[in-house]
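What follows is a single structure, written as structure tokens, with notes after it.
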């Protein structure tokens, strides 16, 4: 589902070029789950952003399915994010002006894959059926992240990319959220690439890949 | 400690220069239009005072002739001989310059110029003392800054020669008079004594004009303060974490508030100084038009150049300080109530709206209720402007509620996730934009209201001119003998000759012009009356009734059937006519009664009825055959063009202020959007991450502003029409004494809407492009919690 070859990326920071990724390669099959771990600044989030088409590669290839993400223009990358990939962020990044229900349905409706029953089931599974009319600011962090997971899975993406999805949550809540996410991902048959600092959480996934200073360790 | 706290608080502006600029620009713009208007008013008032000092207006009792003609020198001598201490004044215009001749030996001290006083050594050659920029051919002139603008003053003999005057224009009655003095009528017939009313007559006459300007200046000030309030609110909100940190580090809350208040005071004064400088240039640009207006409407001479007077620049700084402190009062109050452990994260404005919106709506409804009460009782300028103020403020307060309801409707009707988000998100942005939109509402409503008033006035005025200027030609004789000869010359050559003869009188104790027109079909066919009894003209010409203008009817509270007391006669009012553009009352009585009351009066001006195709030939005959100067023969079209020119000039200033206010409101939107654009990235980045392109988000951002402007216009239209009604039915009646019919001008409203939409689109373009060009790395920071 995801094939990355010799991926390189650098940023200019304070007038200096910082090489963040120095030739990373990895493969992720359909329905497989992979934890990407590493120290801060090792390039985990950058790799995930490149895979989602949120940023542009300097060198190397990123294939999502048969699509070479590096060859896409902005509209193509937007199309990829809308239809093929689902991204879950550490900050939840829900849309504050929409209700929980509208947030869950939003991505699916954008992608033209809205399925009311599936959305209802998702709401039920994340335990927020009673909260559907509320706004994100009225929910706890754990509840918001569950909404973010439901929003992503409502669109039934082939590839789920999660960037430290439990970084803002306590250990117990984090474990519950990841367990729920894995269950739901498994139900949809999507592949999952999750960036995390936590070895415990990483152990819950099929495989684990460690990045160190922009390279696979 | 204070210094460190100050440095920390000020460091915010270094990193948020755009907010700093917005704040200063808001203060400067608010002050600019206010101080510009104050500068114009101060200049005009200084000119009136100078004129009053020069001419003795409002200070000395004066004697004038009943028939409006010059006073004979013999009459003056007769008065002096019996002990009346009077001083002659000759007055007239030469090439547009007001020439005043005084008699230095008898003139009261302080009249004219000290150079002309009895103590001064008069120059041997003919000399005129003139105000700046005035010159008179063939005479030595001495520039004298203390003189009223466009004025020349000199010895009475010299001025009489220059003007070709046959007598004395008026006599000034000195303050100290002998204890025993024979009554005026026993010495000379046909003269009347006018007692001073204090202050300058012109000053009183033009009060309403200046009040209008001040109201516009204040409206612009309020619009500018809205910008300031928005910028201050955001700055205080975003400094909440810093305030919390400072307090946690031991800086007392009182010190923080004192520092922030002082910071605001300094910024207000800085913005005020910039505003006063801009205001000076605005005033300098507008003053020539104001001077032309005041000259045309009231005959008041106002200098065309601007002096830097402390009264307006101090008032500019004062109001900037007041406005700045008022704009920051609520933010400082909130700060004083903030618990130490209040959330360190700055909250978006949109989250604060709930309770505040309810209070705002109640306040708005209260204001509109007050406006309703004022509408019922308003009968003067003060209550009229109170009505305007409560109406505008109430509407501005209610705007967020109305827009929120409209957006909620849009949200309910929206199809598709993007449009649902668009409406919901717009509702959420509303509190952050509502001040700018309220400013836009006021500016658009003022534009609609004032343009409706001016256009209604223009339409009525053009129709009125067509009625009143029915004669094809207007001629002016050079003197009384010439007038008799002119009448004889015209007899038989034309359809009719209409003498235009006017006497200044007091009607029911109010100043008025008395006319005694001949009985002619011109009047019967063309004059339109607001109210009249049947056979009105027959009754007037029979000497059994009078017709009065609307101004006199309003000021004297006179209706049909009421009795009007004139010198020597009291008659019932049988007709009331519209008389637009005339500042004072007018009375028409029958020709025979007029001649009985004023047998010595002789018309100098005539309306001439002649076939339109004969106008050119008659004009030629009057000039070449009769020898009348060309300037004394004016055709109807010429007078109409002149009258319309005065009309257009009158509203040039109002129009300019109108558009400046709209410009300030456009700037308010731009600044609000720019200020908010930094807060928008975290809100829009998730949409981008979910697959909306930056281009589409850009377009949606522009559409949002344009749509809000359109909704605001929908609200501004009825408000503007209500404003026009208040101006026409309340303020104009109180200010000028006439009520105008109200017309609506849909094309001009559509034109305003298009302009507002273009301006809003342009204002939204920059922030939208800025957003669209946000580097990917900045957008990604939203997801990495590095912001």
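Worth a mention:
- For residue B:492, the conditions (1) touching a helix residue (DSSP H, G or I) at 6+ places or on another chain (Cβ under 9 Å); (2) modelled with pLDDT under 85 are fulfilled apart from (1).
- 2 or more residues over 18 Å from residue B:71 (Cβ atoms) and at pLDDT below 80: qualifying strands (runs of 3 or more DSSP E) within region B:88-165: B:97-102
- Residues satisfying the criterion are present in region B:465-481 (criterion: outside any strand (DSSP E or B), in contact with a strand residue (DSSP E or B) (Cβ under 8 Å, 6 or more places away or on another chain), assigned by TED's automatic domain parsing to the domain that holds residue B:588 and more than 24 Å from residue B:579 (Cα to Cα)).
- Search result, residues across region A:98-115 that are away from every other protein chain (no Cβ under 12 Å) and part of a helix (DSSP H, G or I): A:100
- Any chance residue A:43 is crowded, with 23+ Cβ neighbours inside 10 Å and more than 9 Å from chain B (Cβ to nearest Cβ): yes
- Residues located in region A:8-37, provided they are outside any strand (DSSP E or B) and within 14 Å of chain B (Cβ to nearest Cβ): A:14
- Where helices (runs of 4 or more DSSP H) fall entirely within region B:195-255, those with at least 1 residues that are more than 19 Å from residue B:668 (Cα to Cα), within 19 Å of the chain's Cα centre (by Cα) and modelled with pLDDT under 75 are at B:201-205, B:207-238.
- Subset of region A:171-192 that is part of a helix (DSSP H, G or I) and farther than 17 Å from residue A:125 by Cα - its residue that is nearest to the other protein chains (Cβ to nearest Cβ): A:171
- Being within 22 Å of residue B:41 (Cα to Cα), assigned to a helix (DSSP H, G or I) and at pLDDT below 85 is a property that residue B:277 lacks.
- Given (1) farther than 24 Å from residue B:640 by Cβ; (2) within 31 Å of the chain's Cα centre (by Cα), number of the condition residue B:574 does not satisfy: (2)
- For residue A:202, the criteria (1) touching a helix residue (DSSP H, G or I) at 6+ places or on another chain (Cβ under 9 Å); (2) surrounded by 16 or more Cβ atoms within 10 Å (Cβ to Cβ) hold in every case but one, which is (1).
- Subset of region A:116-133 [outside any helix (DSSP H, G or I) and within 14 Å of chain B (Cβ to nearest Cβ)]: A:133
- Lone unmet requirement of (1) part of a loop (DSSP other than H, G, I, E, B); (2) exposed (fewer than 15 other Cβ atoms within 10 Å of the Cβ) for residue B:739: (2)
- Residue within region A:154-170 that is away from chain B (no Cβ under 13 Å) and assigned to a helix (DSSP H, G or I) present: no
- For the residues B:40, B:7, the requirement of being more than 23 Å from residue B:432 (Cβ to Cβ) and in contact with a helix residue (DSSP H, G or I) (Cβ under 6 Å, 6 or more places away or on another chain) singles out B:40.
- Flag if residue B:686 is under 30 Å from residue A:149 (Cβ atoms), modelled with pLDDT under 90 and crowded, with 22+ Cβ neighbours inside 10 Å: yes
- Residue in region B:762-769 that is closer than 28 Å to residue A:72 by Cα and surrounded by 18 or more Cβ atoms within 10 Å (Cβ to Cβ) present: yes
- Some residue of region B:707-723 being farther than 30 Å from residue B:368 by Cβ, in contact with a helix residue (DSSP H, G or I) (Cβ under 7 Å, 6 or more places away or on another chain) and part of a helix (DSSP H, G or I): no
- For region B:293-306, taking the residues that are assigned to a helix (DSSP H, G or I) and crowded, with 19+ Cβ neighbours inside 10 Å, the one that is modelled with the lowest pLDDT is identified as B:297.
- Unique residue being within 14 Å of chain A (Cβ to nearest Cβ), more than 32 Å from the chain's Cα centre (by Cα) and over 30 Å from residue B:660 (Cβ atoms) when the list is B:471, B:414, B:477, B:485: B:414
- Here region A:52-90 is the region considered, the condition is being within 8 Å of another protein chain (Cβ to nearest Cβ), outside any helix (DSSP H, G or I) and buried (at least 22 other Cβ atoms within 10 Å of the Cβ), and the residue that is farthest from the chain's Cα centre (by Cα) is A:54.
- Matching residues, region B:614-635, being free of Cβ contacts under 8 Å to residues at least 24 places away in the same chain, in contact with a helix residue (DSSP H, G or I) (Cβ under 6 Å, 6 or more places away or on another chain) and within 15 Å of residue B:487 (Cα to Cα): B:623
- Check on residue B:779, touching a helix residue (DSSP H, G or I) at 6+ places or on another chain (Cβ under 7 Å), assigned to a helix (DSSP H, G or I) and either at pLDDT below 80 or within 14 Å of chain A (Cβ to nearest Cβ) (or both): yes
The values are calculated or read from the model by the stated rules, or taken from the named source; none is laboratory data. Source: prediction; values computed, not measured. Neighbour counts are summed over all protein chains in view; Cβ atoms, including those assigned to glycine, are modelled from backbone coordinates with ideal geometry.
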